[in-house]
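Engineer: The following block contains the structure, expressed as structure tokens.
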Amino acid sequence: MLTIIGVLLIVWIGALVRTVFGFGEALISMPLLALISFDLKTSTALIGAVGLLVALPATIREWRHIDFRAVRRLVTGSLIGVPLGIVLVKTVPSILVLRGLGTFLIIYGTYSLWYSFSGRISQPHLSNNGFDYLAGIISGALGSAYNSHGVPVAVYGTLKKWSAKQLRAILQAHFLCVGILVVISHISAGFWSINAIELLVLVIPGLFIVVPFGNWLVRRVDAARAIKIIYGALIIFGVLLWIR
């Protein structure tokens, strides 16, 4: 019983993180579920399904802020990146990839946070739309290999200077498309079980509290501060990748 309560709390915390930041729930939830020795396949299936459930209403709610052409390019790139991620996880030690990504996030997040507090305004980078495909490829690769598909898109969005609302909206739309594929792949891989279904049923009622609470928090943060918070989240997630 205590294990079930722990799983529910961890999943709800992850859903809150996703609602507030637009990404990062797997980086929070998966290590915590591993700490309580919860089954990896069930954890993966549960987090994938909950991510899809959170993304669906968020995409509908924020559709006005979605650049659908950018989402299409990101998803197309992700489809290419998914098989590359499978090759990556089989050929490169995961600790090297995760710590390399973690180091990049810490450095990038720290620099961007410092720059934003300095009052200077930088110009958008990677303005060519072709980079959307590249970001999608990296997202698909890291997503299929390490369940970290949100981080590359979040970093890319900050480089392109998307607003906080636009970044969250594009992330959720991207997650919705990719999440459907992820859940299908989990089902085909045999990750789902009666236990996973029962836990998902228990998780869903809590989402009706967690998601509106997350949206309430988001509405009380102005755009400039929201971007700073996202930079701070990148630093935190970078640290989590180091200790994962």
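Engineer: Roughly how much of Trp242 is accessible, in Å² to the nearest 10, using a 1.4 Å probe?
Structural biologist: Approximately 110 Å² of Trp242 is accessible to the 1.4 Å probe.
Engineer: Taking the chain as the reference, fit the longest principal axis to its C-alpha atoms, fit the long axis of helix 94-117 to the helix C-alpha atoms, and give the angle between the two in degrees, 0 to 90, nearest 10.
Structural biologist: Rounded to the nearest ten degrees, it is 40.
Engineer: Eigenvalues of the Cα gyration tensor times 5, then square-rooted: what semi-axes does that give for the chain, in whole angstrom, largest first?
Structural biologist: The answer is 27, 21, 18 Å, longest axis first.
Engineer: Follow-up question, since we're still on this one. Testing the spin-label approximation: label points 7 Å from Cα along Cα→Cβ at Tyr115 and Ile4. State their distance in nm.
Structural biologist: About 4.9 nm, to one decimal.
Engineer: On to the next question. How big is the dipole moment of the chain about its Cα centre under a simple scheme where the beta carbon of each Lys and Arg is +1, that of each Asp and Glu is -1, and everything else is neutral? Debye, nearest 20, please.
Structural biologist: With Lys and Arg at +1 and Asp and Glu at -1, about 680 debye.
Engineer: Once both axes come from the Cα atoms, what is the angle between helix 25-35 and the longest principal axis of the chain, in degrees from 0 to 90, rounded to 10?
Structural biologist: Relative to the chain, helix 25-35 is tipped by roughly 40 degrees.
Engineer: Can I ask one more? Return the ratio Rg/(2.2 N^0.38 Å) for region 1-114, where Rg is computed over Cα atoms only.
Structural biologist: Here the Cα radius of gyration is 1.23 times the empirical estimate.
Engineer: Starting from the Cα of Lys90, draw a straight line to each of the lysines and keep only those under 27 Å, dropping any in the same chain fewer than 8 residues away.
Structural biologist: Lys41
Engineer: Considering only protein heavy atoms, with the full assembly of protein chains and a 1.4 angstrom probe, order Phe104, Phe23, Phe68 by accessible area, largest first.
Structural biologist: Most to least solvent-accessible, the answer reads Phe68, Phe104, Phe23.
Engineer: Let me ask something additional. Check the straight Cα-Cα distances from Lys161 and name the lysines below 19 Å, setting aside those fewer than 8 residues away within the same chain.
Structural biologist: Lys228
Engineer: Expressed as an acute angle from 0 to 90° and rounded to the nearest 10, what is the orientation of the C-alpha long axis of helix 164-188 relative to the principal long axis of the chain?
Structural biologist: The angle comes out at about 30 degrees.
Engineer: At a 10 angstrom cut-off on C-beta neighbours, averaged per residue, how do the peptides 37-47, 108-118, 88-98 rank from highest to lowest?
Structural biologist: Most protected by this proxy first, the peptides run 37-47, 108-118, 88-98.
The values are calculated or read from the model by the stated rules, or taken from the named source; none is laboratory data. Since the structure is predicted, the reported quantities are computational estimates derived from the model, not experimental observations. Note that each Cβ is placed from the backbone with ideal geometry, even for glycine, and that neighbours are counted across all protein chains shown. Remember, those area values only see protein heavy atoms, side chains included, never the ligands or the DNA or RNA. Shrake-Rupley method; radii C 1.70, N 1.55, O 1.52, S 1.80 Å.
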